[in-house]
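Engineer: Right, I'll just put the structure down here and ask away after.
Since every read-out is calculated from the coordinates, none of them should be taken as a lab result. Predicted model, so just to flag it, every value in this text is computed and none were measured. Here the Cβ is made from the backbone with ideal geometry for all residues, glycine too, and neighbour counts use every protein chain on show.
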Amino acid sequence: MIVDARALDVEAVPSEILRRNNELNALSNALEPLLDGYRGEHSIVVGPSGAGKTACARYTVEQLRRSLVDVRAQYINCWQHSSRFAALLQLVDGIGQSMDIQQHSTPHDELLRRLRNVDDRPYIVILDEADQLDCREDILYELTTLDHVYMILICNRERELLDGLDRRVVSRLRGCRRIEFEAYSTATLVDILDRRAEVGLEAGSLTDGVLREIAEVSNGDARVAIRTLAEAAKQAERDSTSIKSDYVDEAVSEAEENIRQKAISQLNRHQRVIYDVLEEDGGWLPMGELYPEYSERVDEARTKTTVSNYLSKIAEYNLVELKGEKRGRRYRAI
């Protein structure tokens with residue numbers, strides 16, 4: 001039944017992006033001056049999880065590299081590479097100068113020197129989950145000083161990226177091209193699933209209406225929709241039958257749990273402790289109870305403001321629920 005697993009892989013960059021023409025044009029317009037030897041622009045891409053932000057950014061850069069061979073590019077998941085050293089190492093790796101780096105002895109200044117002294121070919125850097133950088137003020141400021149570097153900063157909300165940054169950094173980033181993504185409509189998700197199924201599944205694998213059913217339970221999240229289709233296809237393949245509505249409930253549960261476990265695995269050390277405190281308690285905790293317990297479990301506890309931002313981020317990935325406002329806000333693990 002499954003003839004091309006890559007078409008059902010959420011992480012794979014699709015060969016075609018559907019229903020995001022305005023967003024793709026905005027991303028392309030920020031970088032197209034490079035084709036004529038002029039400077040491009042930085043971009044800030046915002047929107048909910050599963051709205052296609054990462055796919056569109058990576059697709060745009062791939063298309064540009066087909067037209068402009070003499071350009072470098074690097075994709076960095078800032079949740080996985082959140083420390084200053086880890087992010088700088090990924091940046092240096094993107095210019096092919098990381099082979100001799102020693103993780104515990106190479107100073108940050110040496111990594112920065114390599115970035116500054118490399119030739120002036122354009123270097124496009126996609127910083128996914130950019131608000132997760134531990135030292136984002138330093139990283140973002142350093143990158144804005146490099147004339148050959150063009151950033152695509154991806155986050156759920158711009159406020160979470162810019163809050164707490166030095167005014168110099170905010171001033172530099174205010175001039176970025178801002179591109180906002182809305183959650184997908186059910187109709188668009190059906191189109192996306194139909195195209196994925198056309199490439200990834202044998203003809204006749206789908207029963208009538210099953211793609212719309214998957215789209216409706218995915219709540220605008222393409223990751224959930226595509227993973228649900230993949231899980232349903234695996235179930236149908238095991239049963240030697242077509243993909244039917246009967247498979248959808250179990251498939252969407254599998255897809256959501258898959259996404260949930262991946263999100264948990266990407267939490268940084270402090271976020272994981274916060275999540276563990278909530279999960280172990282099992283109920284609703286106010287910051288006044290959560291923060292002391294978190295602080296006891298870590299060295300160099302983050303501020304309450306940072307912990308609050310962490311909780312908002314974790315909630316974006318459906319790991320934590322929030323209720324109440326300001327001082328009355330409470331938190332619970334899902």
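Engineer: Of the beta bridges DSSP finds with both residues in the chain, what % are antiparallel, to the nearest 5?
Structural biologist: The antiparallel fraction comes to roughly 25 percent.
Engineer: Starting from the Cα gyration tensor of the chain, take the square roots of the eigenvalues, sort them a ≥ b ≥ c, and report rounded, prolate or oblate (rounded when a/c is under 1.5, otherwise prolate if a/b is larger than b/c, else oblate).
Structural biologist: oblate
Engineer: Order of His270, His108 from fewest to most other C-beta atoms within 10 Å?
Structural biologist: Sorted ascending by nearby Cβ count, the order is His108, His270.
Engineer: Using the structure shown, list the pairs from Lys234/Lys313; Lys234/Lys262; Lys53/Lys234; Lys262/Lys313 with a Cα-Cα distance above 24 Å, or answer none.
Structural biologist: Violating the 24 Å Cα-Cα cut-off are Lys234/Lys313; Lys53/Lys234.
Engineer: Could you derive backbone 3J(HN,Hα) for segment 201-212 from the dihedral phi with the Karplus parameters 6.51, -1.76 and 1.60 (θ = phi - 60°), listing whole Hz in sequence and x where the residue is Gly or Pro?
Structural biologist: Karplus values, whole Hz, x for Gly and Pro: 10, 5, 4, x, 7, 10, 8, 4, x, 6, 5, 5.
Engineer: So, one more: Mind giving me the FRET efficiency for Asp70 and Ala5? R0 is 35 Å, r the Cβ-Cβ distance, nearest 0.05 is fine.
Structural biologist: Step by step, r from the Cβ atoms, then E = 0.55.
Engineer: Of the listed peptides 121-128, 137-144, 99-106, 261-268, what is their order by residue-averaged count of other C-beta atoms within 10 Å, with the highest listed first?
Structural biologist: Per-residue Cβ counts within 10 Å, averaged per peptide and sorted highest first, yield 121-128, 137-144, 261-268, 99-106.
Engineer: Between Ile44 and residues 5 or more places away or on another chain, which pairs have amide H atoms under 5 Å apart, with H built 1.01 Å from N, and which residues are they?
Structural biologist: Leu153, Arg177, Arg178, Ile179
Engineer: Using the count of nearby Cβ atoms within 10 Å as a rough guide to exposure, how do Ile95, Ile226 rank from fewest to most? Kindly include the intermediate steps, with their values, before the conclusion.
Structural biologist: Working: Ile95 18, Ile226 26.
The most exposed by this proxy come first: Ile95, Ile226.
Engineer: Hey, another quick one. Looking only at Ala301, Ala233, Ala51, which one moves most when the chain is put into a Gaussian network model with springs between Cα atoms under 10 Å?
Structural biologist: Ala301
Engineer: Per DSSP H run of n ≥ 4, the term is -39500 (n - 2.57); total these for the chain, divide by its residue number, and report the mean residue ellipticity at 222 nm rounded to 500 deg cm²/dmol.
Structural biologist: Taking each H run of at least 4 residues, the total per residue is -15000 deg cm²/dmol.
Engineer: With the Cα gyration tensor of segment 267-333 giving a ≥ b ≥ c as the square roots of its eigenvalues, does the rule (a/c under 1.5 for rounded; else a/b larger than b/c for prolate; else oblate) give rounded, prolate or oblate?
Structural biologist: Rounded.
Engineer: Would you work out if segment 20-180 is rounded, prolate or oblate? Take a ≥ b ≥ c from the square roots of the eigenvalues of the alpha-carbon gyration tensor; rounded if a/c is under 1.5, else prolate when a/b is larger than b/c, oblate otherwise. Intermediate values should be presented prior to the final figure.
Structural biologist: Values: a/c = 1.59, a/b = 1.18, b/c = 1.35.
The shape class here is oblate.
Engineer: Taking the mean number of other Cβ atoms within 10 Å as a proxy for protection, how do you rank 212-225, 63-76 from highest to lowest?
Structural biologist: Top to bottom by mean Cβ count within 10 Å: 212-225, 63-76.
Engineer: Taking the Cα centroid of segment 76-106 and of segment 254-285, what is the distance between the two, rounded to the nearest whole Å?
Structural biologist: 26 Å
Engineer: Give me Glu129, Glu158 ranked fewest to most by other Cβ atoms within 10 Å of their Cβ, as a rough exposure proxy.
Structural biologist: By the 10 Å Cβ count, ascending: Glu158, Glu129.
Engineer: Here is a follow-up. For a protection proxy built on the mean count of beta-carbon atoms within 10 angstrom, sort 288-295, 147-154 highest first, please.
Structural biologist: 147-154, 288-295
Engineer: Using a cut-off of under 20 Å, list every residue of segment 186-213 whose amide N is near the label point 7 Å from the Cα of Arg238 along the Cα-to-beta-carbon line.
Structural biologist: The answer is 201-202, 205-207, whose backbone nitrogens lie closer than 20 Å to the label point.
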